[in-house]
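In what follows, a single structure is set out as structure tokens and then discussed.
The values are calculated or read from the model by the stated rules, or taken from the named source; none is laboratory data. It should be emphasised that the depicted structure is a prediction, and the values quoted were computed from it without experimental measurement. Neighbour counts are summed over all protein chains in view; Cβ atoms, including those assigned to glycine, are modelled from backbone coordinates with ideal geometry.
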Amino acid sequence: MSSYLVRAATVRDAKTIARVHVTTAQAAYRELLAQDQLLDASLEQRQAFWREAIEYSEPQVQVAMGGEDMVGFVGFDRSRDKGTPSTTGEIWSLYVMPEQWSQGVGTALWDAANDGLKEEGCTKVTIWVPVRNERALQFFEHVGFKREMTTLKTVSVGSSKIEEVRLKRDLA
């Protein structure tokens, strides 16, 4: 049983979600992106993105609370990959504040996404993860995802190129 409360995000959460997103991305992608790109993450742009996502439920957003503080969030919906069945969901993002890593927040958020995707009629779920993000890969493999090595792709993030792999699992 998790000691974290996971609840649906509200529009008022958008600013804090943006802060969690930027702070966590800067810590998680320190080895993957150029320093100027890490510092270039605009809180205002992220806040606008998450406000719109919450308003239109695309993706659905859940937040994890540790007491009064938001310590992480997850965004999930149907898969954005072309050619996937409508019963395939996708974790669009899952971020946990660095000081909360390995404390159960990610698992609580994954459980909420799993339940939400099942409610939407999904039977499988995917997520794209940078190949060099070992922490994320280990976490998702720990909760039952398997790498689909034939899905390797290179994406541009500013001036950097990042190799990503899709992971997949059945919903349980």
In this structure, does Val74 turn out to be closer than 17 Å to Thr126 by Cα, surrounded by 12 or more Cβ atoms within 10 Å (Cβ to Cβ) and of a type in the set (Val, Ile, Thr)? yes
Mind counting the residues in the range 122-164 that are touching a helix residue (DSSP H, G or I) at 6+ places or on another chain (Cβ under 8 Å), modelled with pLDDT of 95 or more and of a type in the set (Val, Ile, Thr)? 4
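Quick one: in the range 145-160, of everything that is polar (S, T, N, Q) and closer than 26 Å to Leu171 by Cβ, which residue is nearest to the chain's Cα centre (by Cα)? Before you say what the answer is, go through the steps one by one.
As a first pass, look at the range 145-160 and keep what is polar (S, T, N, Q): 150-151, 154, 156, 159-160.
Still in the running and closer than 26 Å to Leu171 by Cβ: 150-151.
Working: Thr150: 22, Thr151: 18 Å.
Among them, the one singled out is Thr151.
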Looking for something buried (at least 17 other Cβ atoms within 10 Å of the Cβ) and part of a strand (DSSP E or B) - is there at least one such residue anywhere in the range 97-115? no
For residues in the range 67-82 being among the small types (Gly, Ala, Ser) and at pLDDT 95 or above, which is nearest to Gln100 (Cα to Cα)? Gly72
Taking the range 114-149, which residues are in contact (Cβ under 8 Å) with a residue 24 or more places away in the chain, under 23 Å from Tyr29 (Cα atoms), out of contact with any Pro (no Cβ under 9 Å at 6 or more places or on another chain) and of a type in the set (A, V, I, L, M, F, W, C)? Ile127, Trp128, Val129, Val131, Phe139, Phe140, Val143, Phe145
